[in-house]
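The structure appears right after this line, and notes come after that.
Bear in mind these aren't lab numbers, they're just calculated from the coordinates by the rules spelled out. In this text, all values refer to a predicted model and were calculated from it rather than measured experimentally. So basically every Cβ, Gly included, is an ideal-geometry build from the backbone, and we count neighbours across all protein chains shown.
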Amino acid sequence: MWGNKKSKGRKPVTGHFDTLISNKTQIVGDLQFSGGLHIDGTVKGTIRADESSEAIIRISDVGEVDGDVIAPHIIVNGTVHGDVYSSKHIELAANASIKGNVYYHLIEMVMGAEVNGNLVHNKEPVSVSGRAQPEDQRQEVEINSDDDSFEKEDSLSAN
């Protein structure tokens, strides 16, 4: 019957959001969290998930982050001015606007999402610190939205 099915495979990234930053709230300073974080307001500082967690952050269409975002699961539908590090999965929704580099393992990007920076693919899931990835496992994709040109630079090619 309904509700008796056991889910198989990976967990959905919709998640439970323990913390809400409302649209009339502005946080100045770095933020560390575990569990789920939903942002409708503004955060000026780095947002970092606990290293060993399955944390998820969702930045809504009215949410804004001025700083780096570092978490295993990230959903962006708002604005980020800074680099984004997703060790497992990132979803860029239709209103997403990122001015910075995106480091990811798995990515979903909906038509209308905007990235003004590099997309850097990590072939293996990495720690949420994102910065300690060996060069031989990175693949850089450069997108220039001004003239609709597309360049791909594969750092795995022989030098």
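Quick one: which of 71-84, 111-124 comes out on top by average Cβ neighbours within 10 Å, and what's the full order, highest first? Can you show the working numbers first?
Values: 71-84: 23.7, 111-124: 15.4.
Ranked from most to least packed, the peptides come out as 71-84, 111-124.
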message: How charged is the neighbourhood of H81? Take every other residue with its Cβ under 11 Å from the Cβ of H81, and add Lys/Arg as +1 and Asp/Glu as -1.
response: -2
query: Alpha carbon centre of region 24-46 versus region 69-102: separation in Å?
result: 14
